[in-house]
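What follows is one structure encoded as structure tokens, with my remarks underneath.
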Amino acid sequence: MSDREELPTAVDTEALLTLAQGHHERTARATGTREAGGHLVKTYALQAPGRTVTEQDIAAALRLTAAHLQLGRTRGSLGLAVLIMHVGGDGDYVLVHSWIEGYMSDLAIFTGPAGHPERLRPGRTGLAPCVWEAAILAHERDAFSRHVLDSSSPIPNRLAAWGADTLTGGVR
């Protein structure tokens, strides 16, 4: 692209530079593998600077996750999911990512005002993970492939290895 004199009209260079200047590290923390909605759910806390995910936040996210996953079988769920409780700079988010038939996945995103987990509601159509959430989901895609799909161990051993393979620390 460096040999192009003009960029396509949709490229917003000012917006991209503003995003780049504000980009920062966020802290990801694994908070255990639990059962919700009949699924095995690996849980994460993702925190913007100055915000902290509490046990109450995780409990609220798990209640929401359980309600969402209750109908997982009707969407082809294989019984494994990842929950991300993200306390962001502009609000709170819960992502529920589950593995479904045919090597595919299902993603639900719930959004709400900061500090009010009881007000989380389904996100708008087309909403996708942010850069920090996507970092966790990329790790989880690799962990699922490595421990569940590519292993030759019995399923309980595969699931234990999957549950133990977590991403903790700074994500960008």
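The values are calculated or read from the model by the stated rules, or taken from the named source; none is laboratory data. Small disclaimer: the values here were computed from a predicted structure and weren't measured. When we count neighbours, we look across all protein chains shown, and the Cβ atoms used for this are built from the backbone with ideal geometry, even at glycine. When the accessible area is computed, the model is the full protein with side chains, heavy atoms only, and any ligands, DNA or RNA have been set aside. Shrake-Rupley method; radii C 1.70, N 1.55, O 1.52, S 1.80 Å.
Scan region 8-58 residue by residue and report those that are touching a residue at least 12 places away in the same chain (Cβ under 8 Å), among the acidic types (Asp, Glu) and closer than 30 Å to Ile100 by Cβ. Asp57 - this is the single residue of region 8-58 that is touching a residue at least 12 places away in the same chain (Cβ under 8 Å), among the acidic types (Asp, Glu) and closer than 30 Å to Ile100 by Cβ.
Identify the residue in region 85-125 that is of a type in the set (Ser, Thr, Tyr) and within 15 Å of Leu62 (Cβ to Cβ) and, among all such residues, is surrounded by the fewest Cβ atoms within 10 Å (Cβ to Cβ). Walk me through how you get there before you give the answer.
Taking region 85-125 first, the residues of a type in the set (Ser, Thr, Tyr) are 93, 98, 103, 105, 111, 125.
Narrowing the set further to residues that are within 15 Å of Leu62 (Cβ to Cβ) leaves 93, 98.
Details: Tyr93: 23, Ser98: 25.
Of everything passing the filter in region 85-125, Tyr93 is surrounded by the fewest Cβ atoms within 10 Å (Cβ to Cβ).
Filtered by the rule that a residue be more than 30 Å from Ala20 (Cα to Cα), not small (Gly, Ala, Ser) and not in a helix (DSSP H, G or I), region 122-164 gives Asp150, Pro154.
Would you call Thr33 buried (at least 20 other Cβ atoms within 10 Å of the Cβ) and in contact with a strand residue (DSSP E or B) (Cβ under 7 Å, 6 or more places away or on another chain)?
No: the conditions fail for Thr33.
Checking the stated criteria, Ala128 turns out not to satisfy the condition of being open to solvent by less than 40 Å² (accessible area, probe 1.4 Å) and within 28 Å of His24 (Cβ to Cβ). Condition check for Leu64 on (1) touching a Ser or Thr at 6+ places or on another chain (Cβ under 6 Å); (2) open to solvent by 10 Å² or more (accessible area, probe 1.4 Å); (3) of a type outside the set (D, E, K, R); (4) in a helix (DSSP H, G or I): one failure, at (1).
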